[in-house]
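Report on one structure; see the data block that follows.
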Amino acid sequence: MKDGRVGDRKLLIALFASLLVLVTSDSVKSGFQVFTKDNKNTVDRSALATCYTLGGKRIERVSHNNPEKGYKCKVTLQTLSTDKIQAKDVCESRIPYYIIGSEEGPSTSCTFQINVGCDTSYWQINRKCYKVSNSRLTWKEAQEYCKKNGFSGLQPKVAEYYSTALSNYLSDMQGISSAWVHVPELKDYFVNGEGNAAVYVQDGAFKYDTRKNSIMMDHLNATHQVLCEYTAPMTKAEMFYISEVYSEIYPINVYADGAIIPSADFSTIEQKELVNNIEQFTTTGFNERCLAIGRIINVESFPMTAIEVEFNAVKDYLTDERFYLTNAYKNDGKRRNDYRQLNEDGISYQIFQSDAAGNDKDYSKAHSFSFHKSDRFPTMAAMRAPILCALHSFNWKFGNCTAGPTWSEQPVRHVRKDGRAFCHYISNGKVATYDEARRYCEADGLGASLSGFDDEEEFSKIKNKVDPTYPLTSDIENDGGYLPMRYFDMGGKQQRIDNHYWLGGISPCETDCALPGDKRQVASWEEGVGINTHFLNTFSHEGHPWEDDGQRKYVSFRSDKVAFHVHPLNDPYTYMFFICGKTAPLERTEKREGTIKG
């Protein structure tokens, strides 16, 4: 078995390496490009890559009757397994998704389910999204970087290194040398371990000969990359899956719009102080009780909303002998339309509409609200009953771009054809080397990367905002057909600049690179700032050779010619303007309603 696992790991690495040479051409589509197009709008890019590189033929719906139950992919691993238990173990050791099917044999068949999605620049592992920084940072800087390099509602943080199994999945990510991680129990790894700051080593080499795919301790002021993570937003597919798995343990009932689960203990609506001689009551503790239940099974859970339409959706799942408290209550008033439901979004909903005929009954002494299979009932405050909690998923939208640092222009927001809103931050007055520009993008509270574009429409939109303003410079004569060059003083040395802007691209090409006839594209985008390698390589390159000579080079565009260039780091144009980019922040909106019961 051990030799088989090692062989399979080598195969997996080889497969992922093969992914790095895939691309589109005008006449021939590469395998991965075709696979991506054929499975458009199903799962995120890292899940597509996992399915494709492991030999999956297609992404399929888990349930044809209910598209909200997520997607699946069937692959074959070249590892022997002798029974069902061993087969599932093999699958889980290789694939960071829910394993919903496995078959033993000389080769092990695995079917995995994909419920959530990560941003294009992140890699999905077990429902979490991971990204590694380019810059090397201290531990304190690393923590701040992760907070800024994500989405406000999703609480990005330094990634938690929870077991050595994680290193198997991280090996499939690109660009990790050595990176800060959070290790909750560092003393379990090191006799003198304290705190939780450690360094995950993947491709880094150290004088102590640290092994790859392991962790080490280092001084908190030492600089390393940082591995960031956030938990992917809950989806209907994730909610359905979790609910069905845990329904064998907890009394969870799944229905079209979500799932419900009663609290294990009894709660009572709390009486507070008198206000104007009127007794005041609250249900604020109900939220925490339901949230605690949700955390046990890794979903979002809130007190069941008491409005009629939601009651009608769940009443068939309630028992005849039990009443359940909701989050609805009133502190004064005599009519039933005085009841309010304080919902998880902070909005207070009216439970009953006013009765135009004036037939509302007297509800003076009924301050809480409960559900029973037969109806909704206003209830005396002293009543004790379980809280009825609901498992929710929410819709998310891309918000406005966050303000940039002082050196940036007003951010330019562009919605790409895949629906992702992308923010570009243009430096029209500050110049920097490539490494400096990359650090400026990552630092200053921006949490971005050098930018990229997916098509000419997006590029033109940014080009219209480009207006280089040079620092104190001296012009020289026209040089070889170019515009007059500029020089500025940098530490007593004259440094050359002109109207180029650093972008987040690299040569030789690393991602989506294949062309007909065993040829390769010259360059590709980095960091997920763009995914259209074809556009980068076929757009104008006027004024500079566009070729791969094996030397590492970095992409810029020349603003006067509207052309992409590639520059080695020792290029005369060491200092350039630059453009940073990142995905617009995600904002949680309304609760997502289901459409099909299944």
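Bear in mind that the values in this text are calculations on the coordinates, not laboratory data. Bear in mind that the values here come from a model prediction, so they are computed numbers and not experimental data. Cβ coordinates were reconstructed from backbone atoms using ideal geometry, including for glycine residues, and neighbour counts include every protein chain displayed.
Arrange the following residues from fewest to most other Cβ atoms within 10 Å of their Cβ: 267, 540. Walk me through the numbers before you get to the answer.
Numbers: 267 18, 540 13.
Result, fewest neighbours first: 540, 267.
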Cα gyration tensor, the range 123-231 - rounded (a/c under 1.5), prolate or oblate: rounded
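Report the gain in length on full extension from residue 406 to residue 144: 0.36 nm times residue separation, minus Cα-Cα distance, nm rounded to one decimal.
Additional length available on full extension: 92.5 nm.
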Inter-site label distance for residue 415 and residue 292 at 7 Å from Cα along Cβ, in nm: 4.2
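Would you mind checking the pairs 140/236; 88/591; 128/397; 465/519; 84/212 and listing those with alpha carbons more than 26 angstrom apart?
Values: 140/236 36 Å; 88/591 35 Å; 128/397 19 Å; 465/519 35 Å; 84/212 32 Å.
Where the Cα-Cα span goes over 26 Å, the pairs concerned are 140/236; 88/591; 465/519; 84/212.
Charges only on Cβ, +1 for Lys and Arg, -1 for Asp and Glu: so what's the dipole of the range 25-114 about the Cα centre, in debye to the nearest 20? It would help to have the intermediate numbers written out before the result.
Numbers: 13 positive and 10 negative charges, 59 e Å.
With only Lys, Arg, Asp and Glu charged at Cβ, the dipole is about 280 debye.
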Tensor-based shape of the range 387-426 (alpha-carbon gyration tensor, a/c under 1.5 rounded, otherwise prolate or oblate): oblate
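Could you list 122, 246, 255 so that the one with the fewest beta carbons within 10 Å of its beta carbon is first and the one with the most is last?
255, 246, 122
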Length-normalised contact order for the range 123-231 - Cα pairs under 8 Å, 6+ apart - percent: 41
28 Å Cα-Cα threshold exceeded, pairs from 187/582; 74/553; 37/131: 187/582; 74/553
Nonlocal amide H pairs with residue 584, under 5 Å, H built at 1.01 Å: 421, 422, 423
Reachable lysines, given that their alpha-carbon falls under 16 Å from the alpha-carbon of residue 315 and they are not under 8 places away in the same chain: 373, 597
